[in-house]
Amino acid sequence: IDLSKQVVDFDKLSVRGNFCVVGDFNTSFSDNYYFTNDGREKLNNSFDRNNMELLTRHCKDCIDHIAVSRDFLSSRNFELLEWNRSKEFSDHKGVSVKLKHN
């Protein structure tokens, strides 16, 4: 139920222009670490529909993510940073993205 409400929020907020979603999605995208097929599909469809890029898509063992409007990214490169990979401090890895201007 929460996921469906969040996807509706993404749809409403994304029409305002550049948009970023950051947080615990409770879904991994690049492996079978933690996900449901339905949840992953709904999120991927929402990102496509709202012209968003999931910058953390390829992070392994990760359910915390960063999605950004493709128009905002335009030709920018980005650097993905991960920490707490061994999950010593939390049961989540830390992720961040550094956007670079070309």
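The values are calculated or read from the model by the stated rules, or taken from the named source; none is laboratory data. Since this is a predicted model, take the numbers as computed values, not measurements. Using ideal geometry, Cβ is built from the backbone for each residue, glycine included, and neighbour counts are taken over all protein chains shown. Side chains are part of the model used for accessible areas, which takes the heavy atoms of the whole protein and leaves out ligands, DNA and RNA. Shrake-Rupley method; radii C 1.70, N 1.55, O 1.52, S 1.80 Å.
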Mind checking which pairs have a first residue in region 14-34 that is without any contact (Cβ under 8 Å) to a residue 60 or more places away in the chain and in a strand (DSSP E or B) and a second that is small (Gly, Ala, Ser) and surrounded by 12 or more Cβ atoms within 10 Å (Cβ to Cβ), Cβ under 6 Å, 6 or more apart or different chains?
-> Val21/Ala67
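Is at least one residue of region 87-94 among the hydrophobic types (A, V, I, L, M, F, W, C) and outside any loop (DSSP other than H, G, I, E, B)?
Step one: filter region 87-94 for residues among the hydrophobic types (A, V, I, L, M, F, W, C), giving 89.
Now drop any that are not outside any loop (DSSP other than H, G, I, E, B), which leaves none.
The answer is no; no qualifying residue exists.
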Residue count for region 1-12, restricted to those that are part of a helix (DSSP H, G or I), of a type in the set (A, V, I, L, M, F, W, C) and open to solvent by 80 Å² or more (accessible area, probe 1.4 Å) = 0
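Only residues that are touching an Asp or Glu at 6+ places or on another chain (Cβ under 6 Å) and open to solvent by less than 100 Å² (accessible area, probe 1.4 Å): list them for region 82-102, please.
His92, Lys93, Val95
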Of Glu79, Glu53, the only residue that is in a strand (DSSP E or B), open to solvent by 60 Å² or more (accessible area, probe 1.4 Å) and under 15 Å from Ser14 (Cβ atoms) is Glu53
Please work out if Lys42 is without any contact (Cβ under 8 Å) to a residue 40 or more places away in the chain, open to solvent by 90 Å² or more (accessible area, probe 1.4 Å) and not hydrophobic (A, V, I, L, M, F, W, C).
-> no
Residue check for Phe47: assigned to a helix (DSSP H, G or I), in contact with an Asp or Glu (Cβ under 8 Å, 6 or more places away or on another chain) and open to solvent by less than 30 Å² (accessible area, probe 1.4 Å) | yes
